[in-house]
Ligand SMILES: Nc1ncnc2c1ncn2[C@@H]1O[C@H](COP(=O)(O)OP(=O)(O)OP(=O)(O)O)[C@@H](O)[C@H]1O
Ligand code: SF4
Ligand SMILES: [Mg+2]
């Protein structure tokens, strides 16, 4: 509403929300979360009377990454590639099949359920759907106040003042603590979900599609709020989203997943301006305002053939090969290592290169000890250390000179 000269109140169109500047990772921040070779296989059981295990859904199959204190890593990829499962593993809603999740240096991957209470304070989750993630029978005061009580964060007398303070932080009226979730709009409910996630002063927030259920006009407001929270409280984010433009804005570092694996990871500039994996290039070509730089000024969208294969029986070698426009024999025989190709850039492809300039022969053959078709090559001397570690080394494989070196 605004007021005219003669004092009448008139409805006005809401001002479009100006987005904050893109987020940057703090300089020289310590590593808060280090994930190494993380796997989650869900058993598939036969139907009938006796449920025998007949296979596994390989939802997450050996992912490694780091999140810096106060920083943000974006996780992107098509539906079903394992983003939410990765987030749920980090928050230990699931116990991983294998791998390490080091949080503040301590491996929490197999800490038993009864010992997880302190961890629950440190790592919190923001969910996609603000309609189903809040209990409709509880007031907002109870939704936000309960974790404060369970974890004895403040004395009982301080619970309500703290609830009001949190409501204010997320931009809601503190006096509305007695209302129920259905009395709020979608954007306001997501703010309640954010307030709940903040109650225990977490160091890491796993935000799983935090704005994709909201109107576009509300999305910018909620992203601004998350940026304010990050700056004010120094909280780190694992930010899961489909929307590559939002991820570019919020995340200084991005990991691209395909069928349970990270295929490319790097800083914002590497992923958005110099993608070297055919899948990343295809994903970016579908986003109108980011595709130009990523695909060398080409305007057309790269259409991927076929559907994503089943994670129960993924393709041999490179999992992307059944849809990859440049696949060769070696791609079916050997899985490409996640090779570091820049200061903060890794790619898992035998033929990494700029769009339209992928090499004709596999750059990985020598280091894997195989010939160009992927058959063992007795004359080759494979690189001993191609295992996928979290973080980046200070030496890497230069795609132009095709040698390992340092900057
Ligand atoms: N509890 C479960 N039991 C069995 N399979 C599961 C389970 N949870 C996820 N999956 C399967 O694991 C794979 C990865 O699912 P996940 O939800 O992590 O994907 P996602 O990348 O978050 O997708 P979306 O973008 O649609 O949210 C999918 O094939 C999914 O069907
Ligand atoms: S390894 Fe082969 S199939 Fe996989 S992305 Fe690279 S070229 Fe395509
Ligand atoms: Mg998901």
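The values are calculated or read from the model by the stated rules, or taken from the named source; none is laboratory data. Here the structure is a predicted model, which is why all the values come from computation and not from measurement. Cβ atoms come from the backbone with ideal geometry, glycine included; neighbour counts cover every protein chain shown.
The table that follows gives values for the structure above.
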read-out: For residue 81: the one exception among (1) surrounded by 15 or more Cβ atoms within 10 Å (Cβ to Cβ); (2) touching a residue at least 12 places away in the same chain (Cβ under 8 Å); (3) away from ligand 2 (no atom under 16 Å from the Cβ); value: (3)
read-out: Check on residue 107, surrounded by fewer than 19 Cβ atoms within 10 Å (Cβ to Cβ) and at pLDDT 95 or above; value: yes
read-out: Some residue of region 299-311 being part of a helix (DSSP H, G or I), more than 29 Å from residue 57 (Cα to Cα), assigned by TED's automatic domain parsing to the domain that holds residue 391 and free of Cβ contacts under 8 Å to residues at least 12 places away in the same chain; value: no
read-out: Residue 21 modelled with pLDDT of 80 or more, loosely packed, with under 11 Cβ neighbours inside 10 Å and more than 23 Å from residue 337 (Cα to Cα); value: yes
read-out: Search result, residues across region 21-43 that are part of a loop (DSSP other than H, G, I, E, B) and farther than 17 Å from residue 103 by Cα; value: 21, 22, 23, 24, 25, 26, 27, 28
read-out: Exclusive hit being within 13 Å of ligand 2 (Cβ to nearest atom) and under 27 Å from the mean Cα position of the chain (by Cα), set 372, 350, 345; value: 350
read-out: Residue match in region 133-142 (condition: surrounded by 13 or more Cβ atoms within 10 Å (Cβ to Cβ), within 16 Å of ligand 1 (Cβ to nearest atom) and closer than 30 Å to residue 184 by Cβ); value: yes
read-out: Checking residue 206 against (1) touching a strand residue (DSSP E or B) at 6+ places or on another chain (Cβ under 6 Å); (2) assigned to a helix (DSSP H, G or I), the condition it does not meet; value: (2)
read-out: Residue 222 being buried (at least 20 other Cβ atoms within 10 Å of the Cβ) and at pLDDT 95 or above; value: no
read-out: Scope region 67-78; condition surrounded by fewer than 22 Cβ atoms within 10 Å (Cβ to Cβ) and within 16 Å of ligand 2 (Cβ to nearest atom); matching residues; value: 78
read-out: Test for residue 47: is it within 13 Å of ligand 3 (Cβ to nearest atom) and surrounded by fewer than 17 Cβ atoms within 10 Å (Cβ to Cβ); value: no
read-out: Set 159, 154, 170: member being surrounded by 16 or more Cβ atoms within 10 Å (Cβ to Cβ), out of contact with any strand residue (DSSP E or B) (no Cβ under 9 Å at 6 or more places or on another chain) and under 27 Å from residue 212 (Cβ atoms); value: 170
read-out: Which numbered condition residue 236 fails, given (1) more than 16 Å from ligand 3 (Cβ to nearest atom); (2) surrounded by fewer than 24 Cβ atoms within 10 Å (Cβ to Cβ); value: (2)
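Matching residues to (1) surrounded by fewer than 20 Cβ atoms within 10 Å (Cβ to Cβ); (2) free of Cβ contacts under 8 Å to residues at least 60 places away in the same chain; (3) over 29 Å from the mean Cα position of the chain (by Cα):
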site: 325; (1), (2), (3): yes, yes, no
site: 357; (1), (2), (3): yes, yes, no
site: 378; (1), (2), (3): yes, yes, yes
site: 384; (1), (2), (3): yes, yes, yes
site: 389; (1), (2), (3): yes, no, no
site: 401; (1), (2), (3): yes, yes, yes
